[in-house]
Amino acid sequence: MEGRMFRSIMNRRWTQVLGLGILAAFSCKAGSPSERFEFEKPGMGTLFRISLYAQDFETARSAAERAFTRMQHLERELSDWDADSAVRKLPFAGGRVNVSQDLWDILFLSIRVAEATKGAFDPTVGPVVKLWRRASRQQKLPATEDIEAALEAVGWGHMDLIDETEINLGVPGMRLDFGGIGKGFALDAMLGVLGEEGIASALVDGGGDVAVSNPPPGQQGWRVAIESPPWYSGEQLRLLLANQAIASSGTRFRKFQVDGRTWSHLLDPRTGMALDYDIQATALAPSGALADSLASAACVLGPEGWQNNSLASKWRGVKTWWFHPDEALE
């Protein structure tokens with residue numbers, strides 16, 4: 001598809017993906033839920049927790065179970081750790097390939113964020129991620145020539161979304177990695193399922209990243225506190241959320257050392273290098289997927305790079321905080 005028709009379809013898909021789960025909350029049947037229920041289940045390498053309001057336990061349990069099932073389905077689709085996942089089965093040689101609606105949707109959103117951040121977030125960073133995982137295991141930095149070779153297969157511009165069922169991997173050796181967006185995408189999908197089940201007020205937490213629908217009955221919003229990094233001495237960030245999501249990314253979560261120098265699991269897709277400084281970024285956005293991906297990009301860009309790219313003006317309802325060892329920047 002090309003020209004005006006292509007842009008129209010892409011804009012429509014963008015709206016749908018951004019609103020996934022959030023919009024569903026508004027279409028719930030009216031009711032009078034008065035009791036709060038909580039459920040949890042592991043997935044995507046972390047713990048997912050659901051808090052919701054429903055009229056009875058069975059309604060709550062059934063809705064939560066469907067939401068967890070949705071998350072587990074996405075994990076099987078998007079995990080680059082699972083050799084049987086849809087992502088890992090994409091052809092190494094590249095070319096055109098049919099994909100699921102979920103994979104198409106997350107790629108569409110990922111490419112839009114990659115374009116806006118000029119590659120500070122990039123779903124095609126997989127070849128470099130693979131190098132640095134090996135480096136972490138072996139406690140040895142990747143060779144410069146290996147990073148340069150891996151970067152030849154990195155770049156969102158190498159990939160085309162042909163229609164809503166097919167993509168084109170334009171360079172051999174491309175490998176997708178949704179570590180910076182997958183969890184947020186799952187939060188949105190889970191909220192969507194809860195909305196379909198008639199749950200109007202819900203909070204979904206995946207390892208500290210949170211997406212919420214309507215506020216609890218009689219309240220203005222869901223109270224959410226963001227865990228500060230251990231080296232930050234400022235006040236804890238506390239927010240009141242309604243039909244929003246918030247996500248954090250930072251270098252404190254996974255690290256390894258080589259020759260006395262500390263490296264993070266976070267990578268700059270533009271250079272192929274891991275971050276070697278302390279930073280945490282938190283992003284507030286209309287959806288979990290957007291919050292998750294922007295938090296990842298914010299760590300790579302830092303406050304100055306974020307401002308230089310005018311990212312705050314690209315999406316309505318987006319706000320970002322940076323936590324450094326001695327200060328927090330807003």
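Derivation of every value follows stated rules applied to the coordinates shown; laboratory data play no part. Since we're looking at a predicted model, the values are computed, not measured. Cβ coordinates were reconstructed from backbone atoms using ideal geometry, including for glycine residues, and neighbour counts include every protein chain displayed.
Quick notes on this one:
- Extension gain for residue 115-residue 310 works out to 68.9 nm (0.36 nm per residue, less the C-alpha to C-alpha distance).
- Mean Cβ neighbour count within 10 Å, used as a protection proxy, ranking 35-46, 114-125 highest first: 114-125, 35-46
- With neighbour counts taken as other beta-carbon atoms within 10 Å, the residues 110, 264, 293, 310 rank, fewest first, as 310, 264, 110, 293.
- Greater than 22 Å apart at Cα, pairs in 41/319; 89/183; 89/255; 41/255; 118/319: 41/319; 89/255; 41/255
- Computed E for residue 93/residue 143 - FRET, C-beta separation, R0 30 angstrom, nearest 0.05: 0.75
- Cα convex hull of the chain, projected area averaged across orientations, nm²: 17.2
- Spin-label model distance (nm) - residue 66 vs residue 277, 7 Å beyond Cα toward Cβ: 4.7
- For the chain, calculated [θ]222 nm from helices alone, where every DSSP H run of n ≥ 4 adds -39500 (n - 2.57): -11500 deg cm²/dmol
- Three-way shape label, the stretch 160-261, alpha-carbon gyration tensor, a/c 1.5: oblate
- Three-way shape label, the stretch 96-251, alpha-carbon gyration tensor, a/c 1.5: oblate
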